[in-house]
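Here the structure comes first, spelled out in structure tokens, and everything after it is commentary.
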Amino acid sequence: MADTPSLHIAVVGGGPGGYAAAFLAADLGMKVTLVDPELNPGGVCLYRGCIPSKALLHVAKLIEESQQAKSWGIDFAAPNIDLARLRTWKESVVKRLTGGLGQLSKQRHVEYIQGRAALENSTTLRVTKADQTETSLTFDRIVLATGSRPAIIPALKIDSPRLMDSTGALNLEDIPGSLLVVGGGYIGLELGSVYAALGTRVTVVEMLPGLLPGADRDLVLPLHKRLEKMFESILLNTTVSSLQEVDTGIRATFSGAAIDDSNREKIFDRVLVSVGRKPNSEIPGLENTQVSVNPRGFIEVDKQLQTADPSIYAIGDVVGEPMLAHKASHEGRVAVEAIAGHKVAFEPAAIPAVVFTDPEVAWCGLTETQAEKENREIKVAKFPWGASGRAVTIDRPDGMTKLIIDPQSERVLGMGIVGAGAGELIAEGVLAIEMAAQARDVALTIHPHPTLSETVMESAEVFFGTSTHVYRPKRG
Ligand code: FAD
């Protein structure tokens, strides 16, 4: 595949966007330099995001399941949690994967520089290496993949070791007696679930009327019900107006419709603020280029991920939402193909979103909420997991799979799933949407039995009123 050997490109940032871009560029025969402050590539996703959080969620699920096993006639003793060993295991997962990326980088002859890059101009980087030495390097093209960091609410910024962002929460310094999670988005709910499983009393505060704003409400409901049992409380339509360090913890003050004198203040052992992420677009020297940044702080790019400066491309969290690893990687590959001169554009029909709670929530393509907003005519076909043999064998009938279908063309426009393993199942929806599949294609595809994947096929059958395991009167 070596067809662009003459280009020398630099990638700034070694996250899933940056390393995917660097590796493909090397595969296409380019000379590649990848700069990141860590010892190996990985970025937020591997060091302090997707990977450590999923390792801990795996442990949380095991603890939860061991408790559920009571109803199957198996009694386990209460778990004895060795926090140091749990941390070591989580760190070993990170080390194994980032070490693997380091190897892949070497095998491809990518020049990996541990350091931070500043832009001297549109084609020259000034790199400060880990040993503080500096070097200036010139390239044909530069790809900016500097990612994002946790957003901060100035009113809640207090100087206290008890206050954590997602990185602090993943460090798992202790198992606090009580934890306040500010923000009911996916990061807050995933990390809240980890601490709840380890024994912490968790309170989640969300200023909007529901958890996981942006997801369809019928997908969130089963999760909300389960989290109500796991967490001490979930306060919706509520704002944390202030935090104050006191002798016994952090005193939080709440305001909102459901708040009165009885629940206006509470002291927590720890507070996790997870209210979104901010793009890392304040790259030193960016002003020496023609790159433009929009008012929300995202670097502006076109469909080839090219910035307003023709030599500079940008990808991943730093260019916009959804801030997800797979979106970053895909953009990285598109940017490199564009640099190689291939006819390519970033225009996905569907980007999947997965919340790795228990149950998992996943969706892709058009959501019902979005269709309603756009006044778009759709048909929704839902398959309840109570009718799935597999869901019942694993004692998880609390799920649901739904297809969002165009009533005229019968094309699949969106898919939503809540239930165990939804994150694995959603890929079928992404493929169906990308392939412009009709509901009939999904219904006529033989799915293995007994698996949860059958719920996708049967939701398509529901659309035609012919689902084997759900009785619905025929249409028309
Ligand atoms: P990043 O991964 O943010 O990497 C950017 C890199 O650039 C960093 O290493 C940074 O240090 C480096 N950098 C910045 N400035 C410079 C500079 N000047 N010079 C050199 N290097 C620089 N996404 C999912 O898809 N699935 C999940 O399950 C998921 N879980 C998450 C859980 C948590 C707790 C968090 C915080 C995030 C999670 N995400 C998840 C989001 C995901 O981590 C990001 O979308 C993804 O990492 C973005 O990739 P990126 O390549 O754009 O940048």
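The residues of the range 22-52 that are of a type in the set (A, V, I, L, M, F, W, C) and more than 6 Å from the ligand (Cβ to nearest atom), listed by number, are ALA22, PHE23, LEU24, ALA25, ALA26, LEU28, MET30, VAL32, LEU34, LEU39, LEU46, ILE51.
Criterion first (among the β-branched types (Val, Ile, Thr), crowded, with 18+ Cβ neighbours inside 10 Å and within 26 Å of the chain's Cα centre (by Cα)) does VAL93 satisfy it?
no
I'd like to verify a number: residues in the range 1-29 that are at pLDDT 95 or above and surrounded by fewer than 24 Cβ atoms within 10 Å (Cβ to Cβ), how many? Selection size over the range 1-29: 7.
Could you list, in sequence order, all residues of the range 145-162 that are farther than 30 Å from PRO41 by Cβ and not acidic (Asp, Glu)? Break it down stepwise before answering.
We begin by selecting, within the range 145-162, every residue farther than 30 Å from PRO41 by Cβ; these are 153-162.
The answer is ILE153, PRO154, ALA155, LEU156, LYS157, ILE158, SER160, PRO161, ARG162.
What residue, among those in the range 331-350 that are in contact (Cβ under 8 Å) with a residue 60 or more places away in the chain and under 23 Å from ASN294 (Cβ atoms), is farthest from the ligand (Cβ to nearest atom)? Before the answer, list the steps.
Within the range 331-350, the first condition is being in contact (Cβ under 8 Å) with a residue 60 or more places away in the chain, and the residues that meet it are 331-333, 335-337, 339-341, 348-350.
Within this subset, residues satisfying the condition of being under 23 Å from ASN294 (Cβ atoms) are 331-332, 335, 339, 348.
On the way: GLU331: 8, GLY332: 7, ALA335: 11, ILE339: 17, PRO348: 14 Å.
Taking the candidates together, the pick is ILE339.
Could you tell me whether the range 452-466 includes any residue that is out of contact with any Cys (no Cβ under 8 Å at 6 or more places or on another chain), without any contact (Cβ under 8 Å) to a residue 24 or more places away in the chain and outside any helix (DSSP H, G or I)? Within the range 452-466, one or more residues are out of contact with any Cys (no Cβ under 8 Å at 6 or more places or on another chain), without any contact (Cβ under 8 Å) to a residue 24 or more places away in the chain and outside any helix (DSSP H, G or I). Scanning the range 137-154 for residues that are surrounded by fewer than 17 Cβ atoms within 10 Å (Cβ to Cβ) and over 26 Å from the mean Cα position of the chain (by Cα) turns up THR138, ASP140.
For the structure I just gave you, tell me whether ARG126 is over 27 Å from SER53 (Cβ atoms) and of a type in the set (Lys, Arg).
Numbers: over 27 Å from SER53 (Cβ atoms): yes; of a type in the set (Lys, Arg): yes.
Taking the combined requirement at face value, the residue satisfies it.
Being of a type outside the set (A, V, I, L, M), in contact with an Asp or Glu (Cβ under 8 Å, 6 or more places away or on another chain) and within 9 Å of the ligand (Cβ to nearest atom): is that true of TYR19 here? Judged against the criteria, TYR19 is not a match. Pairing residues of the range 29-43 that are under 11 Å from HIS109 (Cα atoms) and touching a residue at least 12 places away in the same chain (Cβ under 8 Å) with residues that are within 11 Å of the ligand (Cβ to nearest atom) and not in a helix (DSSP H, G or I), at Cβ distances under 6 Å and at least 6 apart in sequence or on separate chains, gives THR33/ALA10; LEU34/VAL11; LEU34/GLY14.
The values are calculated or read from the model by the stated rules, or taken from the named source; none is laboratory data. Computed from a predicted structure; not experimentally measured. As a convention, Cβ positions derive from the backbone with ideal geometry for all residues, glycine included, and neighbour counts pool all protein chains shown.
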